[in-house]
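One structure is given below, encoded as structure tokens.
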Amino acid sequence: MTWKMATFNVNGLRARLADLMDWIDTARPDCLCLQETKCPDSDFPQSPFQERGYQPYFRGQKAYNGVAVLVREEPQAVRLSFDDGQPDEEARFIAAQTHGIWVINTYVPQGRTVDHPAFEQKLDFFRRVKRYLGRHDPGEPLIWTGDLNVAPEPLDVYDPLRLEGEVGFHPREREELKDVAAWGLTDLFRRLHPDRKQFSFWDYRLPSALKRGLGWRLDHIWVTEPLVRTALSSDVDAEPRTRPKPSDHAPVWAEFNWE
DNA sequence: ATGGTCGGCAACCGA
């Protein structure tokens, strides 16, 4: 069978809800990872997902952050935090095991500016993900996905010379990402499309950024070998379909030949 | 082409 997963930074789940449902009805992923729901758990709109056959798991907070994972089948396990002894004050991690696949969904801190403490916290977050992965085996089917807030390579930003050293395309971030991946993960979109300049994020603050191609590839699907071998396709649904306003991110998805 | 960001939340913060 074909199993499809997707990741989408919705930038406000409640504001994006109708458009998200339209996208789900077309794309029909079996597993959907959301970031920046900006939605306290008590306000999470469960019904629209349940009506479409999804079980919603989520961890939100007021105004900021928030992650969710929606699955069509009963998951084997769900984790709402890193559970590594460190406090999880911000809602940036959720994981579920479905079809025998561990799906780790993270909203990596944006980092603000290179000289801000938030930038160091961003680098720490990658190290924390790496430690977390150490509890798993890279021979097992596992996906690390979400808004990773880093463009891995020059091909992944609109102007690599000008943006070199900017937050989101800083060598220290790229190194940390590479270091996590060295555990045993492959950037699936890039593996399947080695030369394609394809973005998943366009800054709202730049006028007509999407139209002008001023984007970044920040939303990722990194997978272990069993999923590299069974991958069928991966793409970004970059066409703005939402009215009145799309998210500043686009959904990214992947399909696998999976039992 | 004569404009120029969002969401959340209630003043401005974070992206």
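I'd like the full set of residues that are in a loop (DSSP other than H, G, I, E, B) and either within 16 Å of the chain's Cα centre (by Cα) or more than 15 Å from DNA strand B (Cβ to nearest atom) (or both), limited to region A:51-63.
A:R52, A:G53, A:Y54, A:G60
Residues that are of a type in the set (K, R) and at pLDDT below 95: does region A:228-243 have at least one?
yes
Any residue in region A:16-25 that is over 21 Å from A:A91 (Cβ atoms), over 15 Å from the mean Cα position of the chain (by Cα), assigned to a loop (DSSP other than H, G, I, E, B) and away from DNA strand B (no atom under 13 Å from the Cβ)?
no
Can you find a residue that is acidic (D, E) and in contact (Cβ under 8 Å) with a residue 60 or more places away in the chain anywhere in region A:244-253?
Yes: region A:244-253 contains one or more residues that are acidic (D, E) and in contact (Cβ under 8 Å) with a residue 60 or more places away in the chain.
Output the residue which, of all residues in region A:122-135 that are surrounded by 15 or more Cβ atoms within 10 Å (Cβ to Cβ) and not hydroxyl-bearing (S, T, Y), is nearest to DNA strand B (Cβ to nearest atom).
Top of the filtered list is A:K122.
Can you list residue pairs whose Cβ atoms sit under 8 Å apart, with the first residue in region A:5-19 being more than 14 Å from A:P240 (Cα to Cα) and the second being more than 8 Å from DNA strand B (Cβ to nearest atom) and assigned to a helix (DSSP H, G or I)? Count only pairs 6 or more apart in sequence or on different chains.
Pairs found: A:A6/A:A27; A:L13/A:L20; A:L17/A:P48.
All but one of (1) farther than 17 Å from A:K4 by Cα; (2) away from DNA strand B (no atom under 16 Å from the Cβ); (3) surrounded by fewer than 19 Cβ atoms within 10 Å (Cβ to Cβ) hold for A:Q97; state the number of the condition that does not hold.
(1)
Any idea how many residues of region A:26-37 are more than 15 Å from the chain's Cα centre (by Cα) and not acidic (D, E)?
Counting residues in region A:26-37 that are more than 15 Å from the chain's Cα centre (by Cα) and not acidic (D, E) gives 3.
Is there any pair linking a residue in region A:26-49 that is within 18 Å of A:V71 (Cβ to Cβ) and without any contact (Cβ under 8 Å) to a residue 24 or more places away in the chain to one that is surrounded by 14 or more Cβ atoms within 10 Å (Cβ to Cβ) and among the small types (G, A, S), with Cβ under 6 Å and at least six apart or on different chains, and which?
The qualifying pairs are A:D41/A:G60.
Give me the helices (runs of 4 or more DSSP H) completely within region A:168-259, filtered to those with at least 1 residues that are among the aliphatic types (A, V, I, L, M) and over 21 Å from A:V103 (Cβ atoms), ordered by residue number.
A:209-212
Which condition number in (1) under 30 Å from A:N257 (Cα atoms); (2) more than 19 Å from the chain's Cα centre (by Cα) is the one that A:I143 fails?
(2)
Every residue, every condition in (1) under 23 Å from A:P29 (Cα atoms); (2) free of Cβ contacts under 8 Å to residues at least 12 places away in the same chain; (3) within 16 Å of DNA strand B (Cβ to nearest atom), yes or no:
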| site | (1), (2), (3) |
| --- | --- |
| A:D137 | no, yes, no |
| A:N149 | yes, no, yes |
| A:E175 | no, yes, no |
| A:L206 | no, yes, yes |
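Go through region A:170-188 and give me each residue that's out of contact with any His (no Cβ under 7 Å at 6 or more places or on another chain), within 26 Å of A:S233 (Cα to Cα) and not aliphatic (A, V, I, L, M).
Those that are out of contact with any His (no Cβ under 7 Å at 6 or more places or on another chain), within 26 Å of A:S233 (Cα to Cα) and not aliphatic (A, V, I, L, M): A:R174, A:K178, A:D179, A:W183, A:G184, A:T186.
In region A:1-45, how many are of a type outside the set (A, V, I, L, M) and under 20 Å from A:I143 (Cα atoms)?
13
Can you find a residue that is within 23 Å of A:A151 (Cα to Cα), within 11 Å of DNA strand B (Cβ to nearest atom) and surrounded by 15 or more Cβ atoms within 10 Å (Cβ to Cβ) anywhere in region A:67-89?
no
The values are calculated or read from the model by the stated rules, or taken from the named source; none is laboratory data. Keep in mind it's a predicted model, so treat the numbers as computed, not measured. As a convention, Cβ positions derive from the backbone with ideal geometry for all residues, glycine included, and neighbour counts pool all protein chains shown.
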